[in-house]
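This report refers to the structure that appears directly beneath it.
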Amino acid sequence: MLSGLTQLMMPFTLLFVLLAFFIAMALFSRNYLKVSPNVVAVLSGRKRKLSDGRVVGYRMVRGGAALRIPLLEKVEYLSLNVFTIPLEIKRAYTASPSR
């Protein structure tokens, strides 16, 4: 009787372990941030202590990877790309160079 019960529970146990593994992998992949070098990811919401002793409510990741803690941290991205602004200057007074 007992051996029949263990044989019946083996597939359910295996199914449960596989399901837990896939759920863990899905949570990991959703919260894994890969940040390119021209972008800064600002993770805010959780307090952390810096090396100089200050306590801040953010951390920044530039050109790397980080794990976001769900429900505690929010992610925003800041682009570091250089862009030009068309600027036309009219009637600007300049000082002549002194010799």
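Could you list, in sequence order, all residues of the range 54-83 that are basic (K, R) and either in contact with a Phe, Trp or Tyr (Cβ under 6 Å, 6 or more places away or on another chain) or in contact (Cβ under 8 Å) with a residue 12 or more places away in the chain (or both)?
Within the range 54-83, R59, R62, R68, K74 meet the criteria.
So S51 fits all but one of (1) over 22 Å from L27 (Cα atoms); (2) touching a strand residue (DSSP E or B) at 6+ places or on another chain (Cβ under 8 Å); what number is the exception?
Unmet for S51, out of (1) over 22 Å from L27 (Cα atoms); (2) touching a strand residue (DSSP E or B) at 6+ places or on another chain (Cβ under 8 Å): (2).
Listed here are the residues, each with its yes/no results for (1) on the phi < 0 side of the Ramachandran plot; (2) within 11 Å of the chain's Cα centre (by Cα); (3) surrounded by 10 or more Cβ atoms within 10 Å (Cβ to Cβ).
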| position | (1), (2), (3) |
| --- | --- |
| L14 | yes, no, yes |
| I23 | yes, no, yes |
| F28 | yes, no, yes |
| Y32 | yes, yes, yes |
| P37 | yes, no, no |
| V42 | yes, yes, yes |
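Report, ordered by the first and then the second residue, all pairs with beta carbons closer than 8 Å, sequence separation of six or more or different chains, a first member in the range 12-38 that is touching a residue at least 12 places away in the same chain (Cβ under 8 Å) and closer than 19 Å to E76 by Cα, and a second member that is among the polar types (S, T, N, Q) and surrounded by fewer than 11 Cβ atoms within 10 Å (Cβ to Cβ).
N38/S79; N38/N81
Taken together, the values in this text are just the output of simple stated rules run on the coordinates, not laboratory data. Only a predicted model underlies this, so the values are computations on that prediction, with no experimental measurement involved. Quick reminder, even Gly has a Cβ in these numbers, built from the backbone with ideal geometry, and neighbours come from all protein chains shown.
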